[in-house]
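Structure first, then comments.
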Amino acid sequence: MNDVGFALRTELSAERERLIAAFRQGAPVQRLLGGLCRAVDRLLQRVAREAGLTRHAAIVAVGGYGRGELFPHSDVDILIIPRADCSERQKAAIEDLVGILWDMGLHLGHSVRTVDECRSEAAQDVTILTSMLESRRVAGPPSLYEELARAIVGVLDAQSFFRAKVLEQQQRHTKFQDTPYSLEPNCKESPGGLRDLQVLLWVARAAGLGTSWAELERRRLLTRAELAMLVHNERTLKRIRAWLHIVSGRREDRLVFDVQHAVASAAGIEATATRRASEVLMQRYYWAAKAVSQLNTIVLQNIEERLFPHDAAHTAPVDATLVARNELLDIDDDRALDRDPNALLRAFLTLQRHPELKGMSARLLRAIWHGRNLINGAFRRDPVNRATFLAILQQNRGVLHELRRMNQWSVLGRYLPVFRRIVGQMQHDLFHVYTVDQHILMVVRNLRRFMQAEHAHEYPLCSQLIADFERPWLLLIAALFHDIAKGRGGDHSELGARDARTFCRQHGLSREDTELVVFLVEHHLTMSRVAQKQDIADPAVIERFARLVGSERRLVALYLLTVADIRGTSPRVWNAWKGKLLEDLFLLTRRQLGGEAVPATAELEGRKREALATLRLYGLSETAHEPLWAELDVVYFLRHTAKDIAWHARSLVAHVRTDKPIVRTRLSQVGEGAEVLIYVRDQKDLFARICGYFDSRNLSILDAKIHTTRHGYALDTFVVTDNGRTPHYRALLTQIEHELTEWLAKPAELPQPVKGRLSRHSRHFPISPSVQLQPDERAEHYLLEVVATDRIGLLYAITRVLARHNVNVHTAKILTLGERVEDVFLIDGPILESPRGQLQLEGDLLEALAH
């Protein structure tokens, strides 16, 4: 580095220190970020001139640097655009320029591309397109930059860009457990972080709706109050991130425990009589992140409405206040909740009861946000509202989603004031990675997963137990209150039990149910303590614990809550050893109480007994079923009725280890159609090949259950219909058995799908397709959820995409609700190991659903 370079480096360092010193003295954060950016601009311009490149190449700022912001240790992202006729000498000068910038100590992120290369790569990679979208020229010919700008406009499709950025955001949120309340959040990437704000400006810019918050307000994507709230919370997040960089001395965006106190101290935050300075800092962060999450939801919906306008908004009344409009729950005027405050809770229950609605409109969300103060003492005492809240917990679907939505929009804490106290409250221990309120909701999540058959593979024993548990929603009340008294001083279990008793009495629960909930809250830590800290091989320990529990119902409930609680602290806390200890304690205690000594519930054993009774009617011996059943796990028995189990056994007992495909059919036991049983050695793309056969015969798949036996056979059942074309299904049954057996016996390339026609109803009231991909509890597989309008060939179109990406389908739950399809697949495959691969799979699935 020559003298000029050394002087420039010294000048940049001095300017950087001056800006940081001013920030420490209270200068606005934007002055720091903008000042650092301008200092780097000046350096790049001088270095480019010294290198003689300003006539031959353009230096373009991209990413955060392109936005005109640089945090103290952020990378300086630049794009160097040479002219198309760039000489070898000029290329060498560009390489020298990059080396000089590194020598000067810049954290440089650079690429060298011609305009044509930029156009090509931006068209293929949305990340590259995003970085170029907010670019600006720093040095070099303006004509080159203008050519780049025209190229970007040429490849930009606002609708596709919006879908891609929403998918990216969903994936990023999933990575951070869909919560801004992690105890060590990433203030840039976590839900509610700065990235959520950047997404809004990216999609707004792409849609031509504005490049600043003020423009979005002028175009009525934001209200004036929301604009003020957004600017305030953006400033809060930027200040925190700036202090993180300064305190850490490096690029650090995570508010880890190690730096929280130092950041609070540097920011001038002081401790209070009851809270540490770091706790004050974190609560300010959580408040800001929660507000950003709310605004992100509202603004994205508003932009989506502009980008995807509905030809004629179909409005259907749901009740006197709420309406369904464009697949969203909505209201007709902004004062609706003032006239009907009960709708503040009823709206969440309505979403649970109407699966065709995919969320709330921005208008309704705004009304709930502004109407939250209507939830006062009189509101909480209203019997209608108390009944509504209990009904939310008792629904078969959407319980967790709506509780989270209620918490996000400040309704849950308003209705349960004791819950409001722990919103955003830190937990300073070695295992909790969530704030108290988010931990509670994670426990609710775990209990709900025990109740759902598609998650039975995660914790089979818990799924068995809860299937036979009466009024399982009582466990959710216990989950809501088990940690609700943390931070008050004293024993939070005892204090929480008092709160739970008050709640149960106010909401009209029976004495028996009240005592169960109170017992679970008071003793939610007891079972783990006994299992991990006492000798459960000692009969006296088991006897004492059994005496404390008192009944098998309480034991089952406590076991389920304990597993859900431990799993809700941190993904790293639960392990096989803890699981084995708890399970052993459960089984030994159940035996002590006089219950069963084997891990099977009455529900499961009842199905087996009923199936065996049916098999006897067909003359099968008492042991004929055993070779087959030995290869079937708990998940199989949970997912099939006794009649199904008997039919499978009767069809397969003579073919347990056959080398030939077995196909059996019968008339559907529920409604019109045919049931098809397929038993064959598992093979690559099997699920797609089966769906391909049905597609080739124009048969619609109404339901499918996919199962793999312990010895590697696929045992799949389908319900199919030909939509009334065949008057006599028995002829169709014979045809399917013959053709599908031959189809499976002769492997071939997957055929092209048949183009299915949408029904008239579907054309007028289409369902927006959606794809969600989330890891399962054990991080071994992924759950793929697909929602779309039903049509012939839809499932095959999905499975062809999965097969093309070498994705294995382990289980599938196919659900058709009228014109609506909700499919859930348990999958794995190499493409799922990288975020880019997951985005590619999601994008290809959405494309398949749209055609």
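The values are calculated or read from the model by the stated rules, or taken from the named source; none is laboratory data. Here the structure is a predicted model, which means the values were calculated and not measured. Here Cβ is always computed from backbone atoms with ideal geometry, including for glycine, and neighbour counts include all displayed protein chains. Heads up: the accessible areas ignore ligands, DNA and RNA and are worked out on the full protein's heavy atoms, side chains in. Shrake-Rupley method; radii C 1.70, N 1.55, O 1.52, S 1.80 Å.
If the segment from Ala731 to Ala123 were pulled out straight at 0.36 nm per residue, it would be longer than the present Cα-Cα gap by 213.7 nm.
A simple spin-label model places the labels of Gln534 and Ser160 6.4 nm from each other, with each point 7 Å out along Cα-to-Cβ.
Surface analysis of the chain yields an accessible area of 44 Å² per residue, using protein heavy atoms and a 1.4 Å probe. Computed over segment 23-155, relative contact order equals 32 percent, with contacts defined as Cα pairs under 8 Å that lie 6+ residues apart. Placing R0 at 41 angstrom, the Cβ-Cβ distance between Thr174 and His310 gives a FRET efficiency of 0.90 after rounding to 0.05. Look at the Cα gyration tensor of segment 1-132: its axes a ≥ b ≥ c give a/c of at least 1.5 with a/b at or below b/c, and that counts as oblate. Look at the Cα gyration tensor of segment 443-597: its axes a ≥ b ≥ c give a/c under 1.5, and that counts as rounded. Karplus-derived 3J(HN,Hα) values for segment 443-458, using 6.51 cos²θ - 1.76 cosθ + 1.60 with θ = phi - 60°, are 5, 4, 4, 5, 5, 5, 5, 4, 7, 10, 4, 5, 9, 5, 6, 6 Hz; glycine and proline are entered as x. Distance between the pseudo-spin-label points of Asp659 and Ala271 (7 Å out from Cα toward the beta carbon): 7.6 nm. Applied to segment 95-102, the Karplus parametrisation 6.51 cos²θ - 1.76 cosθ + 1.60 on θ = phi - 60° returns per-residue 3J(HN,Hα) values of 4, 5, 4, 4, x, 4, 5, 5 Hz, with x for Gly and Pro. For a paramagnetic label modelled on Asn376 (point 7 Å from Cα along Cα→Cβ), amide N atoms under 17 Å away belong, within segment 409-425, to 414-417. Of the peptides 158-171, 782-795, 367-380, the order by per-residue mean of other Cβ atoms within 10 Å, starting with the highest, comes out as 782-795, 158-171, 367-380. For Arg511 and Arg544, the FRET efficiency from 1/(1 + (r/R0)^6), where r spans their Cβ atoms and R0 equals 22 Å, is about 0.30.
The distance between label points at Leu390 and Asp332 comes to 3.2 nm (points 7 Å beyond Cα on the Cα→Cβ vector). Distances between placed amide hydrogens fall under 5 Å for Leu108 paired with Val76, all partners being 5 or more residues away or on another chain. Close amide H contacts of Glu134 (hydrogens built in the peptide plane, cut-off under 5 Å, sequence separation of 5 or more or a different chain): Gly63.
Considering only beta bridges that DSSP places wholly inside the chain, some 90 percent are antiparallel. Only protein heavy atoms count here; under a 1.4 Å probe, Glu305 has an accessible surface of about 100 Å². Report ³J(HN,Hα) in whole Hz for each residue of segment 608-625, in order, from the Karplus equation J = 6.51 cos²θ - 1.76 cosθ + 1.60 where θ = phi - 60°; Gly and Pro get x. With the stated coefficients, segment 608-625 comes to 5, 4, 5, 5, 5, 4, 5, 5, 5, 4, 8, x, 6, 6, 5, 10, 4, 6 Hz. Dividing the mean sequence gap of close Cα pairs (under 8 Å, 6+ apart) by how many residues the chain holds gives a relative contact order of 6 percent.
You can think of it this way: the chain between Ala850 and Arg397 has 160.5 nm of extra reach, that is 0.36 nm per residue less the Cα-Cα gap. Taking amide H as placed 1.01 Å from N in the peptide plane, the amide H of Gly359 sits under 5 Å from that of Leu329, each at least 5 places away or on another chain. Taking the protein heavy atoms of the chain in the context of the full set of protein chains, the accessible area attributed to carbon and sulfur is 49 percent at 1.4 Å. Apply the a/c threshold of 1.5 to the C-alpha gyration tensor of segment 428-518 and tell me whether it is rounded, prolate or oblate. Taking the square roots of the gyration eigenvalues as a ≥ b ≥ c, segment 428-518 is oblate. A value for Cα Rg over 2.2 N^0.38 Å was derived from the coordinates, and within the list (i) 0.99; (ii) 1.67; (iii) 1.07 it appears as (iii).
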